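Colleague: I have a structure I would like to understand better, so I am pasting it below and will then ask my questions one at a time.
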Amino acid sequence: MSFFQDLRDLLTLERVSHVGPHQYEAHSGQHDGHSTSGPVMWARTESSELVNPDGNIFNAEENLIETRVRKELPAYIPEGVRVVELGPGTFTAFNKKTLLIIHALKSTTCTIVDKSHAFLKSIYDSKALLGIENLEQVEDDFFQPSRCYHDNDDEALVTLLGSTLGNMLGPLRDKLPEAALVNALQNVANATRKGWLLVSIDTDQNGERVQAYYKKQEEFQLNIFDRLIAAGLVDKRFKREAIEYDTEWRSSSGQLGHMAVIKRKLKFALAGMEVVLRKGQRLHLKNSFKFKPEFFEKCCNLAGLELVKVWSDDSTTQIWLLKKKPLSAQLIVEQRPRYQPQRELRTALAA
Ligand SMILES: C[S@@+](CC[C@H](N)C(=O)[O-])C[C@H]1O[C@@H](n2cnc3c(N)ncnc32)[C@H](O)[C@@H]1O
């Protein structure tokens, strides 16, 4: 869906938790006199976390990949397989994590899939520098069903790092999100027909710590509203300063909801449509689920993924290697892709 459709659904309370991918997109919006474009905001978050000595998602994952995964992965996966990276993020993240995996497996072919054109471009433009012979880019939403980016019988490795799986869709809830997680795992595993999924998760169940971590990201989490103004989609009555960021932690489900809170009544036109948001209204932007390992393992099984290896250390980050189980003939027919990455790519490059 387009930025406008997704924001309209958020502001009219039609749908929840679905605007995360737009937070990483480039735009000309500003806040307090500086750019709040998605890639700029995310790169700022990443660089401040990388110098933060506390255990956190960025450092912990890089450590695990650098010290363990890249050395041990070749024992499980044959040399030269294609790597399909879902949500590579910044050039820095790709360079420090995915590239180590690509080199460890002596892979020469890689497909990167992201909704953020800016991230794809920054990695694609440096492909000679990265030394990847065959790099394809696809601008797409990989959490959607029936997305396959490597439609042949070769086994390939799908990577989903940065705890991005935790951003799966779903309303605020107190029950464990079993169906949603199984569904998300199946969708991302279907990025290829055969092979493995390497996925990082955050297992932290300490609500105070989890909330404190995200509270530092207010400008990043709210940058979609600056874009709404810059794109002229709302009239002057829409006041950005009437919106603040908050988090909501549900301990029984491990759900961290990213919320935009309306501080005073807002009445404005959204592309000509009158919208009223009352004081205290909470708009659910996105999720960052934190998974308990035993629950995660159960859902992997239900999703048809066999556990091969878990890498963990004293941080709360874990990296799981899962193997796709053979599908029945009927499922293969149903899950064959109807999707043309190359056509999407041309559209994206032309934009
Ligand atoms: C949390 S960041 C992780 C980036 C990087 N993998 C890392 O480890 O730092 C999520 C990445 O996935 C992309 N992304 C998030 N949701 C997406 C979706 N539904 N479809 C496509 N890309 C998505 C974002 O643009 C961003 O590049």
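The values are calculated or read from the model by the stated rules, or taken from the named source; none is laboratory data. Just so you know, these numbers come straight off a predicted model, no measurement behind them. Here Cβ is always computed from backbone atoms with ideal geometry, including for glycine, and neighbour counts include all displayed protein chains.
Colleague: Only one residue in 244, 248 is farther than 23 Å from residue 173 by Cβ and assigned to a strand (DSSP E or B), so which one is that? Steps first, answer last, please.
Modeller: Details: 248 fails: farther than 23 Å from residue 173 by Cβ.
Unique residue meeting the criteria: 244.
Colleague: Moving to a separate point now. Could you give me the residue pairs with C-beta distances under 7 Å whose first residue belongs to the range 296-316 and is in a helix (DSSP H, G or I), whose second residue is surrounded by 15 or more Cβ atoms within 10 Å (Cβ to Cβ) wherever it lies, and which are 6+ apart or on separate chains?
Modeller: Listed pairs, sorted by first residue: 296/201; 299/181; 299/182; 299/185; 300/185; 300/322; 302/182.
Colleague: Out of 216, 265, report the one residue that is outside the structural domain of residue 163 (by TED's automatic domain parsing) and modelled with pLDDT of 95 or more.
Modeller: Working: 216 fails: modelled with pLDDT of 95 or more.
Going through 216, 265 in turn, just one is outside the structural domain of residue 163 (by TED's automatic domain parsing) and modelled with pLDDT of 95 or more: 265.
Colleague: If you go through the range 123-135 one residue at a time, do you hit one that is over 17 Å from the mean Cα position of the chain (by Cα) and touching a residue at least 40 places away in the same chain (Cβ under 8 Å)? Spell out how you get there, then give the answer.
Modeller: Here is the first cut: in the range 123-135, the ones over 17 Å from the mean Cα position of the chain (by Cα) are 124-135.
Of the ones still in play, those that are also touching a residue at least 40 places away in the same chain (Cβ under 8 Å) are none.
No.
Colleague: While we're on this one: Just the residues that are farther than 17 Å from residue 10 by Cα and under 27 Å from the mean Cα position of the chain (by Cα), please, taken from the range 249-276. Write out each step before concluding.
Modeller: Keep residues of the range 249-276 that are farther than 17 Å from residue 10 by Cα, which gives 249-256, 264.
Matches in the range 249-276: 249, 250, 251, 252, 253, 254, 255, 256.
Colleague: I would also like to ask the following. Which is in a loop (DSSP other than H, G, I, E, B) and more than 30 Å from residue 46 (Cβ to Cβ), of 267, 236?
Modeller: Working: 267 fails: in a loop (DSSP other than H, G, I, E, B).
Only one candidate qualifies: 236.
Colleague: Additional query: Does any residue in the range 141-165 that is within 12 Å of the ligand (Cβ to nearest atom) come within less than 6 Å, Cβ to Cβ, of a residue that is basic (Lys, Arg) six or more places away or on a different chain, and which pairs are these?
Modeller: Partner pairs satisfying both residue conditions: 141/115; 161/97.
Colleague: Can you tell me which residue among 270, 222, 228, 256 is at pLDDT 95 or above, surrounded by 16 or more Cβ atoms within 10 Å (Cβ to Cβ), outside the structural domain of residue 173 (by TED's automatic domain parsing) and more than 21 Å from residue 27 (Cα to Cα)? Spell out how you get there, then give the answer.
Modeller: Details: 270 fails: more than 21 Å from residue 27 (Cα to Cα); 222 fails: more than 21 Å from residue 27 (Cα to Cα); 228 fails: more than 21 Å from residue 27 (Cα to Cα).
Within the list 270, 222, 228, 256, the selection yields 256.
Colleague: Let me ask you something else. For the range 261-299, which residues satisfy the criterion of being within 20 Å of residue 235 (Cα to Cα) and aliphatic (A, V, I, L, M)?
Modeller: Of everything in the range 261-299, those that are within 20 Å of residue 235 (Cα to Cα) and aliphatic (A, V, I, L, M) turn out to be 261, 262, 266, 269, 270, 271, 273, 275, 276, 277, 283.
Colleague: Name the residue that is nearest to residue 35 (Cα to Cα), counting only residues in the range 222-257 that are touching a strand residue (DSSP E or B) at 6+ places or on another chain (Cβ under 6 Å) and of a type in the set (Asp, Glu).
Modeller: Step by step, filter the range 222-257, then rank; the result is 226.
A quick yes/no check of all residues on (1) within 16 Å of the ligand (Cβ to nearest atom); (2) within 26 Å of residue 299 (Cβ to Cβ):
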site	(1), (2)
181	yes, yes
190	yes, yes
194	no, yes
218	no, no
233	no, no
238	no, no
261	no, no
280	no, no
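Colleague: Right, another one. Could you figure out which of (1) in contact (Cβ under 8 Å) with a residue 24 or more places away in the chain; (2) surrounded by fewer than 17 Cβ atoms within 10 Å (Cβ to Cβ); (3) not in a loop (DSSP other than H, G, I, E, B) isn't true of residue 212?
Modeller: Result: residue 212 fails condition (1) only.
Colleague: Could you say which residue among 120, 169, 129 is touching a strand residue (DSSP E or B) at 6+ places or on another chain (Cβ under 6 Å) and not charged (D, E, K, R)?
Modeller: Residue meeting the stated conditions: 120.
Colleague: Also, I was wondering about something else. Under 6 Å between Cβ atoms, which residue pairs at least 6 apart in sequence (or on different chains) link something in the range 17-40 that is in the same structural domain as residue 248 (by TED's automatic domain parsing) and over 20 Å from residue 122 (Cβ atoms) with a partner that is within 16 Å of the ligand (Cβ to nearest atom) and basic (Lys, Arg)?
Modeller: Once the first residue is in the same structural domain as residue 248 (by TED's automatic domain parsing) and over 20 Å from residue 122 (Cβ atoms) and sits in the range 17-40, its partners that are within 16 Å of the ligand (Cβ to nearest atom) and basic (Lys, Arg) give 17/286.
Colleague: Limited to the range 230-260, what total is found for residues that are polar (S, T, N, Q) and in contact with a His (Cβ under 6 Å, 6 or more places away or on another chain)? So that I can check it myself, show each step before the final result.
Modeller: Within the range 230-260, the subset polar (S, T, N, Q) is 247, 251-253, 255.
Checking the rest, the ones that are also in contact with a His (Cβ under 6 Å, 6 or more places away or on another chain) come to none.
Count: 0.
Colleague: Within the range 199-209, can you find the residues that are in contact with a Leu (Cβ under 9 Å, 6 or more places away or on another chain) and either of a type in the set (Lys, Arg) or closer than 16 Å to residue 293 by Cβ (or both)?
Modeller: Filtering the range 199-209 for residues in contact with a Leu (Cβ under 9 Å, 6 or more places away or on another chain) gives 199-201, 207.
Across the range 199-209, the qualifying residues are 199, 200, 201.
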